1. Return the residue satisfying two criteria in turn: it lies in segment 705-728 and is outside any loop (DSSP other than H, G, I, E, B) and of a type in the set (Ser, Thr, Tyr), and of such residues it is farthest from the chain's Cα centre (by Cα).
2. So if I check each of LYS436, LYS409, which one is assigned to a strand (DSSP E or B) and within 30 Å of GLY578 (Cα to Cα)?
3. What are the residues in segment 741-777 that are of a type in the set (A, V, I, L, M, F, W, C), under 30 Å from LYS669 (Cα atoms) and crowded, with 19+ Cβ neighbours inside 10 Å, if any?
4. The conditions are (1) part of a strand (DSSP E or B); (2) free of Cβ contacts under 8 Å to residues at least 12 places away in the same chain, and ALA749 fails exactly one of them. Which is it?
5. Is it true that ILE569 is within 30 Å of GLU545 (Cα to Cα) and touching a Lys or Arg at 6+ places or on another chain (Cβ under 9 Å)?
6. Where residues in segment 196-210 are at pLDDT below 80 and surrounded by 14 or more Cβ atoms within 10 Å (Cβ to Cβ), which of them is farthest from the chain's Cα centre (by Cα)?
7. Show me the strands (runs of 3 or more DSSP E) found entirely inside segment 452-521 where at least 3 residues are more than 22 Å from GLY341 (Cα to Cα).
Amino acid sequence: MKKRSFFNSLISKIMIPVLCLVSFNGLIMPEKITVHAALIDFYCFGTSGIGDPALGGGNWRYVYFGKYDNEPVKYRVLQNDTSDFGGRTMLLDCDSILYSITYDGNSTSFYNDMNGSDFLTKPNVFSEAEKDAIATSSKAQINSSGGDTNFTSSYRPFVSLSASKIFTLDCAELGNENYGYKTVVPDPNRKKQGKNGMTYWLTRSLCTAQRISTGCGYPILIDSGGNFPHFSPNLGGVGVSPALNIDLEHVFYSSQVSAGGRLEYKLTLNDSDITIAKPNNSSVTQSGRVLSIPYEISGNHANQVNQISMLIVNSALPSNGMMNDYTGYSKYYGALEPVGGTISNRGRVTFDTNKYPDDYNPSTDKIYIFAEVKKGDHESNFASNTFLLDGVIHNHDWDISTPSDDTAKVKCTVTGCPYTQNREYTATINVSDTSKSYDGTPVTAEVTKDSDFPDDLIVSEPKYKIRGATSDLAGPPSDAGEYTAYATVSDGTNANTVTITKDFEITQVTITDNNLALSPTHFDYDGSSKEPSVIVTNGNIVLTENTDYTVSGTRSASAINETPGYEVIVTGTGNYTGTGTKTWIIRKGVPIITTPPVASEIEYGQSLADSVLSGGVGNVPGTFTWAQPTIKPAVSDSEVTEYMVIFTPNDTDSYYGTASTLIKVKVNKAPSNYVTRPTGKHQDSSEREVELANPGSTSDGTLLYALGTDTVTAPAASAFSTTIPKAKNPGTYYVWYKIVGDANHRDSAPEYVATVLVGNAPRIITPPVASEIDYGQSLASSVLSGGTSNVPGTFAWAEPTTKPEVSDSNYTEYLVIFTPYDRTSYIGTDTARVRVKVNKVPSNYITRPTGNQLISGDLDVALANLGSTAEGTILYALGTNDTTPPDAGSFSTKVPKAKGAGTYYIWYKIVGDANHKDSAPECITTTLVEKVDPENAANKPAIDKEIAETNTDKTDVKDTKYYILAAKLKPKGKTLKLSWNKIPEAEGYMIYGSPCGIQMEYITTIKNSKVTSWSPKKIKKGRYYKYIVIAYKMEGDVINRISTSKSVHAVNGSKSRGNPIAVTIKKRSFKLAKGGMAKISANFRYTKKVSIHIAKLRYETNRPDIVKVDKKGYIQGLKPGKAWVYVYAQNGVCKTVRVTVK
């Protein structure tokens, strides 16, 4: 479709706010003002429209210029256009106190700091263009004709200003009515407020008042009342309120940012680091009503440009850049649209000629193009130079066609077209992927154009919609579905616009078991409901439930189910399809002690069984008992040693094992007791002192004695000792005694015995000698001989039942009593202490080490069973024969090991303890025989025969169980896969099988107990096969059949026959009374007809003592308890039924 464009007919209306300025009696006055969002972008050229303050009455206009502490700074406009400070400038005075300093009396230093790092060059205060726009200000003398007030008579003479960009006002300037200040003191207009309540600020003036024969010299301040006090060091910090002049040649135009009582403005400054021009050999073109204008931006700040603007004025702009002198006015100002949506260093912008103002005169009006850096409402803008838009405008006649759905071709048919008449240009829409699987990332489209594709044409950004829909999507689609991406190519008119399209699709992702995870997969039973977290992922993407998938199956449960567990099924929705399945289990709970019990106190000698446990709490009802109740703690163990307590749950069906903890028990000292009490004597006195009591004995501490004065008052504690008091003079003596308890016994109360010495007493002259005894014999076995006394009599042991240790030999002294024959003439006895030699005795075994007949293997095995002895340490050594023992250095406490077949000679002996002799070495033998392969086992032929003779198409091998191995058979590729449960105690697995209809035979043995699957190398398509698995362990040359599986039957590759897929059960749990019956209603699902082998379904229970089940699924309760019934099909697929018998 074609459309003729035109240029000379410029009929339009203004589409954005415009400020037009006209000259009237020498003043620049706004002719038209349209305000939007409290902002007039183009208010006036230069600063010409910003008014001066009221004479002596404040009422300032304000300009935002620069920042401080990241906040825009607002200045009072004291003079809009002045030459008081050299050149033509706008005089600005800060409206607040910006910061404070500690003034040191040096004004030169203060000014240097203001024009340095304190303000002018402080980072983030002024941009480079703002610094350039600040004029260098000088003022040699007071300008009385310009309104300055001379305060010299008040000791405030004028202070000159020399080449400073930043300065503070002099008192004379602060009394200038033209600046809005009064000529008197005080003047409230002078007061300013700073952060933290600061109200004093520095002027440029210095006080000249006389202070003790010298001039004051301190700077004059402005206070909160607008007075002129002088600086005092007592003030500490003082405020700074800078003033500055803006060079008017740097101001392009001003914007109004607020109206009303406080008119506020911002400036657009000329930035010499931005240059714009119309490129050579580029033309301004027109298509329809749209102008296409080429541009080129350069300079250090070119990349900051964010707007290209058009300005239409009634006359040429001044060549000297002084916009305040411009006498023309603006007819239009606005932003141009960049082709492609973004501004680059070189490109085109477009202008809709409908926006020409009503009074646009193409003969006299001037159109200027310039680049801008637009900032916030209270920040300076920056502008480039302007270039005049003139010259010939080419009117295109575009021919736009679509040779294919995704491609547009364009050409201009007008002679002399800059793009070459009748040359075709191509634009094609492409997508990042025409068909992909959903991954959460969008499919994006882009339009590729010839590198020199005409920028006069408008190519839209790609849009997206569901294929066949009429409404657009918000952006590139990422969800599964069928879509169309499209874009338009246009000359700016609906009549000459075409659409190019590209279809694409995002397909659903199929969920499988591998995408699904449950956390956790195992729970310990505690009676509460359990629910694992369902986590579904696609790569690194975590899917959202009810958006990407739904969950069915058993998601939560509270009953124990260890086999086969609970099944969770995830079904894809939205961007996902397919299903995934995982199982989780609740196993028997683990008892836990939440609060340990407290043990009651016991006395020494009592066992832990005498301590009552109370207050303990577990996670389930149960009982606490001592692990070793016969232990008798010592007092030193009291509240120190910890003893194990066992917690046993009451419900052993739902919880397995026990829990344990360690607790302390308080052990009190027990009363001390005598083995024999001391006794008094009645004997003759003699010439030598004799012991006044027969000694007592105790095993509970130390027996102490003291000589008292009567039978009532015991001697002082310090008088007691282990020595029995002695005397030789006749009389009655009171011997007090007591036990000082050991660590486990209390002290006993003092008691006494009386001894009477009368007449003569027997006396030992020479103590007897004791004969040797062996360890274990008592003193009664030691014969006393050789003793002499002053009178005939006999010597005897005081404690004949004492059994000395070898360590007591010839060291410990034992009491011997001499008794005279003549008991009539001699009263009492005499005592002496005698040592005895104790010999070691032979050591003996409790159990002797024994040899073995073992199977050799890859690992070393112990060659003997350990012996035991209580009389020393058993040592072992490996000898070379059974006649010559190894060297003594070869013996150790470790039993020798070996792994090779042969006969081994293990020698052993006891190294006796302190009381026993070493034993002589003895020898035992152990034989290691080679391990027998299961295929060579003695009973393998019998096993082969039993299985072969069983018709496994109709019945099962005797004594087989399903639930232990749980064998399953299913198709895998072109063969079958046989799988089963791992049996920890097994050495491996034997496989028997055959095609259905013939006898089973031995196939292979898997000699690794960790392998739980196997596949035949080749089978016939469409034929059923059957297999049995035997878990075995070799015992010598005999196979121990730990468990034999039920036979499983399956087919692969048949077009008409198949296998059960899953067992279905209407009711998964039953509660029966004892003797009660019920029937399990079960079936299996299939996709192809199944040929039945043995039975359609088979039934088995893991607890035949609790529940009985027959081949038709009838169950009967036998005794209270819980059991599982396994319902399985011929290929081993299974479901379980929980049965509780009350």
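The values are calculated or read from the model by the stated rules, or taken from the named source; none is laboratory data. Keep in mind that this is a model prediction, so the values were computed, not measured. As a convention, Cβ positions derive from the backbone with ideal geometry for all residues, glycine included, and neighbour counts pool all protein chains shown.
1. TYR705
2. Being assigned to a strand (DSSP E or B) and within 30 Å of GLY578 (Cα to Cα) holds for just one of LYS436, LYS409, which is LYS436.
3. VAL753
4. (1)
5. Here the answer is yes, as ILE569 does meet what is asked.
6. THR208
7. 481-490, 497-507, 509-511, 516-519
For (1) surrounded by fewer than 18 Cβ atoms within 10 Å (Cβ to Cβ); (2) touching a residue at least 60 places away in the same chain (Cβ under 8 Å), each residue gets a yes or a no:
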{"residue": "PRO678", "(1), (2)": "no, yes"}
{"residue": "GLU689", "(1), (2)": "yes, no"}
{"residue": "ALA693", "(1), (2)": "no, yes"}
{"residue": "SER697", "(1), (2)": "yes, yes"}
{"residue": "THR702", "(1), (2)": "yes, no"}
{"residue": "ALA706", "(1), (2)": "no, no"}
{"residue": "ASP710", "(1), (2)": "yes, no"}
{"residue": "ALA717", "(1), (2)": "yes, no"}
